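Heads up: the structure comes next, in structure tokens.
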Amino acid sequence: MSWAKLRIVFDQGELTVRIQKLDKIIAQSNFWKNPGTAYQLLQEIEYFIFYRQEKYRRWCAILEDIKAALELLESSNDEQLLQETQLNLRHLQQELETIEIQQLLSDPDDQMGTLVTIAAEGDGAEAQDWAYVLMRLYWNWGKNHNYQVHLVEIVDGDGGGINYATLEIVGRYVYGFLKSETGIHQLQRISPFNANGNLQTSLARVEVIPILDESLNLEIPEKDLEITKWRWHDGGVNRSETWVKVFHIPTGITIFCDQERSQMHNHEQALAILKSKLWALMQSQGVQDVTAIQPSRIKSLSEKPIREYILHPYTRAKDLRTHVETTSVRKVLNGNIDLFIKAYLQQQYQIWE
């Protein structure tokens, strides 16, 4: 991002005017009549006050430190100071690249954390292993960006991989960054599960939705829920009453949770995931109440892959929507997917314009 663009992004006058406009909206008597809209506006105010302006001031301070260090380095050969300055520059560059991507995010939900669900497309060990590899990819991506990552739901496969799993990744703009990952992901390789060494193609489905903020207080009628709980002890370790399944009858959505030792916590986690999924459906269908969701209008993901990962006979990871590709497939599988995220958001931004 150029410094000219950066000044526009963090124009203090523009920020002040926007905050004043938001303040007038909050003062209106009907502000709280729509909790969803109120929440989104409060999120925007928090972003302007506690994020953009504070980050801008911090970056200015870092730049002043770098300038002072460079002046000292002109007259001295301080190797430690040079290394610290180079590290600060690299860190600043990474943050500038992140803020450049953030400017492509305009949906209010983009600022939220996210739930990433990965499911094997098929029952074989190859598909289940591929789903596990993708789960690890998104785990690493979150950790590499200093976000909080939690495994909240998992069903193991028979062949050592997973049938499906859900990760909770918490941090600002996580949903906005990862929403482009929703779709079918295709792997081509010589399968380690095939004794004949045949080339094999595997598929996994990824779904990314925003985490619903608890303040929105989404109510689900009890008659629409089936809740099942399991009791067992495992190897002498007290893990009784830990597995919870929540089934939403109208939509057919099923949530399993067994990652917490407390059954109560697993129950709460399962309901929180379900509410986020139902909120996403409400948003997509433009309805204000969970009972207004029409199951017949729930859109299924396209069966056409959005990205392919080829490990044999050559190496390539290619996004089939933007046509961005790289031969560094191993790096991609370790969580380095920002080039795909940025290209997709830039493509969508051009379409919106």
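What the table below lists for this structure:
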{"read-out": "Filter result (under 15 Å from ASP224 (Cβ atoms) and either acidic (Asp, Glu) or touching a strand residue (DSSP E or B) at 6+ places or on another chain (Cβ under 7 Å) (or both)) within region 287-303", "value": "ASP289"}
{"read-out": "Residue satisfying condition, being of a type in the set (Ser, Thr, Tyr) and closer than 28 Å to GLU95 by Cα, within set TYR138, TYR164", "value": "TYR138"}
{"read-out": "Long-range neighbours under 8 Å by Cβ, at least six apart or interchain, first residue of a type in the set (A, V, I, L, M) within region 339-352, second at pLDDT below 90", "value": "ILE341/ILE101; LEU345/ILE101; LEU345/LEU104; LEU345/LEU105"}
{"read-out": "Condition check for LEU134: hydrophobic (A, V, I, L, M, F, W, C), in contact (Cβ under 8 Å) with a residue 40 or more places away in the chain, buried (at least 22 other Cβ atoms within 10 Å of the Cβ) and in a strand (DSSP E or B)", "value": "no"}
{"read-out": "Any hit, region 183-202, residues being surrounded by fewer than 23 Cβ atoms within 10 Å (Cβ to Cβ) and in a helix (DSSP H, G or I)", "value": "no"}
{"read-out": "Of all residues in region 246-263 being over 18 Å from GLU168 (Cβ atoms) and not hydroxyl-bearing (Ser, Thr, Tyr), the one that is surrounded by the most Cβ atoms within 10 Å (Cβ to Cβ)", "value": "HIS248"}
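Here's the yes/no breakdown for (1) under 23 Å from the mean Cα position of the chain (by Cα); (2) assigned to a strand (DSSP E or B); (3) among the acidic types (Asp, Glu); (4) more than 25 Å from PRO108 (Cβ to Cβ):
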{"residue": "PHE247", "(1), (2), (3), (4)": "no, yes, no, yes"}
{"residue": "GLN259", "(1), (2), (3), (4)": "yes, no, no, yes"}
{"residue": "ALA272", "(1), (2), (3), (4)": "yes, no, no, no"}
{"residue": "GLN283", "(1), (2), (3), (4)": "yes, no, no, no"}
{"residue": "GLN288", "(1), (2), (3), (4)": "no, no, no, no"}
{"residue": "TYR309", "(1), (2), (3), (4)": "yes, yes, no, yes"}
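The values are calculated or read from the model by the stated rules, or taken from the named source; none is laboratory data. Here the structure is a predicted model, which means the values were calculated and not measured. Every residue, glycine as well, gets a Cβ built from its backbone with ideal geometry; the counts of neighbours run over all protein chains shown.
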